[in-house]
Amino acid sequence: MSAQKRLEFPPWRKWWWRARIAIGRRINERVLPARELQLARDRDRVLHARSPGDSLTRYEMDKLASYMLDVQDRDIRREYFRTTPLERTFQGLVVPLVEQVVAADPSVAALANIGGNYAYIDSFLAARHPRVRFTCVDFSRNFAEYNAELARPNLDLRSGYAMQMLEAGELRADVFLFSSAAYEIKNAEVRRYFREFARAGARYVILNEPIYPMPGGAIVDPQSVPVDASVPVKSLAGFGAHRHGPLARVHNYRAMLEEAGFEMLHYHAFRPAFTDLRMVNVIAKRSGAPPA
Amino acid sequence: MIKTELEYGEAQRAEWEKRIAQGEWIARFLEPVRELHRTERIANVQQQRSAGDRMSATQLAEIGPYLAEISDIDIRREFFQGRPLDQTLQGIVVPLVEDVLERDPEVRSVLNIGAYYAFIDHHLAQRHPGVRFTAMDLIPDMEGFNAEFRLPNLAFRTAYPLAQIEGGAVAPDLAMFSATAGEIRNAELRRYLRALAATCRYVVLSEPIYPLATGAIVDPGSVPLAASVPAFANADYMPHTVGPIAFVHNYRAMLAESGYRVLHYRAYRPAFTYLRWVEVIAERAA
C-alpha cells in the first residue's frame with residue numbers, strides 16, 4: 001500500500017491564497033458597507049418609482065401576500081416563544097405598553113394590530129383582557145388558519161390590506177398598534193395610516209419598532225430624520241424563494257404622529273438589555289376631537 | 001416621557017462616515033468590473049440554457065411568468081398619459097413605421113414582435129385603420145393585458161413569434177421590433193430575420209444601446225456579426241427575478257446577412273434621454 005499526495009497545491013500557493021483573502025477582507029471592510037448602503041438606497045428608489053402614492057399598488061399587495069406565505073415559519077416561532085421569556089423577546093416589548101394604556105383608560109374596548117403575522121402577542125393580550133376586542137390584520141391569505149392555535153373568542157384574525165379596511169370603514173379601534181411592522185412601510189403610507197387611524201376612532205397609537213443599523217453599524221436617531229424623508233437603512237436578505245426581504249427604514253415616528261394629531265405620552269428610543277438592536281417604543285394619544 | 005438612549009455617539013458616527021466614504025471610493029473601481037462580469041456570466045448561462053438559435057422549452061416556460069411578474073400596467077398607463085408620445089422611447093418607432101406605410105401603400109399588415117403593453121400598436125392602428133396590426137408577446141393573456149386597446153384592426157396574440165413566423169401562422173408585410181431585439185440573443189435574432197425574409201418586405205427596428213457597466217457606449221456597427229455584446233442585466237436590487245440580458249447587436253450586418261437592404265439607419269442619443277438608440281428601416285432586397 002502506498003500513500004500518495006499529489007494535490008499540486010504547493011505551500012507558496014496556499015500562502016498566496018491566504019494573502020489575497022486577507023487583503024480582500026480588509027478592502028471589504030470598507031467596500032461592503034458602502035455597497036449595502038447603496039443597495040438599500042437603490043431599492044428605496046425603485047420601490048418609490050413603482051409605488052409613488054401613499055398606499056400599496058395592486059402588484060405590491062399580490063407580492064406581499066405571497067411573500068408572507070413564503071416566510072411562514074410557525075414551528076420556529078412557536079418554539080421561540082415556548083423557550084424564551086416574553087420580556088426577552090422583541091414582540092414582548094409591546095405588552096407593557098398595551099397594558100399601560102388599558103390600565104390607564106378603562107374605556108378602551110378595541111385594539112387593532114396591523115401586521116400581526118404570528119399572532120402570539122395578540123393571543124396573549126386577548127387572554128389577559130377578555131373585555132377588550134382584539135383585531136389582528138396581515139396579508140397572508142391563510143392568516144386565520146396559520147394562527148388557528150392562537151384563537152381566542154375576543155381575537156379576530158383578518159386577512160387583507162389594513163389600509164383598504166380602514167378606507168372602507170371596516171376597521172375601527174380605540175388603540176392601533178404597529179409592532180415590528182411600520183419600519184417596513186414606506187414614509188407616505190405610514191403617515192397615511194396615522195391619519196386613517198385618527199379617522200377610524202383611534203384614541204391611542206402604540207409603536208414597538210426596531211431601529212435597524214445602517215450597513216457598517218451606524219445608528220440613526222429617529223428624531224433626527226425629516227418627517228417626510230425616512231432613511232432606508234437595511235435591505236433584508238431574501239434567502240427563501242423570494243428575491244428580497246423587506247427594506248428596513250427609520251421613520252421619525254414622533255413627528256409623523258404629531259402631524260396626524262397625536263401627542264406623545266411615552267417615547268423611548270433605546271437598546272433593550274437582551275440585544276444589540278435598538279428599538280423605539282411609543283404611546284401616543286389623540287389630541288383634540290377626531291377628524292371628520 | 002421622551003427619552004433617547006441609543007448608545008451611539010458622534011465619534012462612532014464620524015468613524016462610520018469615514019469608512020463609508022473610503023468604501024465608496026474603492027467601489028467606484030470595483031463595482032463596474034463586478035457588474036461587467038455579472039452581465040457576462042448571465043449571458044453565458046442564458047446561452048447554455050437555450051436551444052441554439054431559438055429559446056428552449058425551459059426558457060419559454062419561464063419567460064411568460066417573468067413577463068407577468070413585471071407587469072406594471074398602472075405605471076405604464078400613467079407614463080403614457082403623462083407625456084407626449086415623441087418624448088417616450090416607445091414612441092420613437094412610430095415615425096419609422098409611418099414612413100414605411102406612407103412609402104408603400106401595399107403594406108397591409110404589421111407584426112410587433114415583443115409588443116407587451118400595446119400602447120404604440122393601438123396608436124398606429126387608430127391612425128391606419130386600413131392596416132391590420134398584430135401585437136405579439138409571450139406574456140400570458142396578451143388579450144386581457146391589453147383589453148383597453150381593443151380595435152377592429154388590432155389583434156393580440158400570446159405566442160412565441162419565431163415559431164409563429166416559421167410555422168406560417170403570421171406573414172406580415174412589415175415586422176417591427178421596438179425595445180425587443182436587444183433582448184434576443186444573437187443567433188436567435190438572426191434566425192428571426194432569416195425567417196422574416198421569406199415573406200416580410202420590411203423590418204423596422206427601434207432599439208436601445210445600453211451602456212456597459214463601465215459607462216462605455218458600444219457602436220453597433222463595430223460589433224462582429226456573430227458576437228453581440230452583452231451590455232446590461234437587470235440590477236439585482238429589482239423586486240423581480242433577473243430578466244433577459246440586453247445585447248448590442250450589429251443590426252445592419254444581421255439584416256444584410258438575411259437579404260435586407262437598409263433604407264434608414266441612425267444611431268444617436270434622443271434629446272430626452274441619456275440612453276443611446278438605434279433606428280433602422282430595412283427592405284427586402286429584390
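The values are calculated or read from the model by the stated rules, or taken from the named source; none is laboratory data. This is a predicted model, so every value here is computed, not measured. Note that each Cβ is placed from the backbone with ideal geometry, even for glycine, and that neighbours are counted across all protein chains shown. Heavy atoms of the whole protein, side chains included, go into the accessibility calculation; ligands, DNA and RNA do not. Shrake-Rupley method; radii C 1.70, N 1.55, O 1.52, S 1.80 Å.
So the values come out like this:
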quantity: Matching residues in region A:42-57 - criterion: being open to solvent by 60 Å² or more (accessible area, probe 1.4 Å) and without any contact (Cβ under 8 Å) to a residue 24 or more places away in the chain; calculated: A:R45, A:A49, A:P52
quantity: Condition met for A:L47 (in a helix (DSSP H, G or I), more than 25 Å from A:Y193 (Cβ to Cβ), among the aliphatic types (A, V, I, L, M) and within 10 Å of chain B (Cβ to nearest Cβ)); calculated: no
quantity: A:L69 being surrounded by 14 or more Cβ atoms within 10 Å (Cβ to Cβ) and either more than 19 Å from A:A173 (Cβ to Cβ) or at the interface with chain B (Cβ under 9 Å from one of its Cβ atoms) (or both); calculated: yes
quantity: Checklist (1) more than 25 Å from B:Y237 (Cβ to Cβ); (2) open to solvent by 30 Å² or more (accessible area, probe 1.4 Å); (3) modelled with pLDDT of 95 or more applied to A:P290, failing item; calculated: (3)
quantity: Single unsatisfied condition, A:N252 versus (1) modelled with pLDDT under 95; (2) within 21 Å of B:E10 (Cα to Cα); calculated: (1)
quantity: B:F177 vs. criteria within 19 Å of the chain's Cα centre (by Cα), open to solvent by less than 30 Å² (accessible area, probe 1.4 Å), aromatic (F, W, Y) and under 25 Å from B:R276 (Cβ atoms); calculated: yes
quantity: Members of region B:1-46 found to be among the polar types (S, T, N, Q) and either within 7 Å of chain A (Cβ to nearest Cβ) or open to solvent by less than 80 Å² (accessible area, probe 1.4 Å) (or both), listed by number; calculated: B:T4, B:Q22, B:T39, B:Q46
quantity: Residue identified as at pLDDT 95 or above and either in contact with a strand residue (DSSP E or B) (Cβ under 6 Å, 6 or more places away or on another chain) or of a type in the set (K, R) (or both) among A:K234, A:K285; calculated: A:K285
quantity: Residue count for region A:22-41, restricted to those that are within 20 Å of the chain's Cα centre (by Cα) and either open to solvent by less than 70 Å² (accessible area, probe 1.4 Å) or small (G, A, S) (or both); calculated: 3
quantity: Hits in region A:175-227 - residues which are part of a helix (DSSP H, G or I), open to solvent by 10 Å² or more (accessible area, probe 1.4 Å) and within 14 Å of chain B (Cβ to nearest Cβ); calculated: A:E184, A:Q223, A:S224
quantity: Residues located in region A:10-44, provided they are closer than 22 Å to B:Y237 by Cβ and assigned to a loop (DSSP other than H, G, I, E, B); calculated: none
quantity: Filtered residue count, region B:149-162, keeping only those that are more than 19 Å from B:L101 (Cα to Cα), open to solvent by 40 Å² or more (accessible area, probe 1.4 Å) and in contact with a Lys or Arg (Cβ under 8 Å, 6 or more places away or on another chain); calculated: 0
quantity: Matching option when the condition is of a type outside the set (A, V, I, L, M) and open to solvent by less than 10 Å² (accessible area, probe 1.4 Å), among B:H249, B:H264; calculated: B:H249
quantity: Sole residue being of a type in the set (F, W, Y) and farther than 22 Å from B:Y160 by Cα, chosen from B:Y202, B:Y237; calculated: B:Y237
quantity: Residue check for A:L86: hydrophobic (A, V, I, L, M, F, W, C), modelled with pLDDT under 95, farther than 22 Å from A:R172 by Cβ and surrounded by 13 or more Cβ atoms within 10 Å (Cβ to Cβ); calculated: no
quantity: The lone exception for B:N234 - which of (1) touching a helix residue (DSSP H, G or I) at 6+ places or on another chain (Cβ under 8 Å); (2) within 14 Å of chain A (Cβ to nearest Cβ) it fails; calculated: (1)
quantity: The lone exception for B:A135 - which of (1) closer than 22 Å to B:E78 by Cα; (2) more than 21 Å from the chain's Cα centre (by Cα) it fails; calculated: (2)
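Let's see how each residue does on (1) of a type in the set (S, T, Y); (2) in contact (Cβ under 8 Å) with a residue 40 or more places away in the chain:
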{"site": "B:G9", "(1), (2)": "no, no"}
{"site": "B:E35", "(1), (2)": "no, yes"}
{"site": "B:S50", "(1), (2)": "yes, yes"}
{"site": "B:I63", "(1), (2)": "no, yes"}
{"site": "B:I73", "(1), (2)": "no, yes"}
{"site": "B:Q90", "(1), (2)": "no, yes"}
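Per-residue answers, yes or no, for (1) surrounded by 19 or more Cβ atoms within 10 Å (Cβ to Cβ); (2) in contact (Cβ under 8 Å) with a residue 40 or more places away in the chain; (3) among the β-branched types (V, I, T):
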residue	(1), (2), (3)
B:Q81	no, no, no
B:E98	no, no, no
B:R108	no, yes, no
B:G114	yes, yes, no
B:G130	no, no, no
B:D137	yes, yes, no
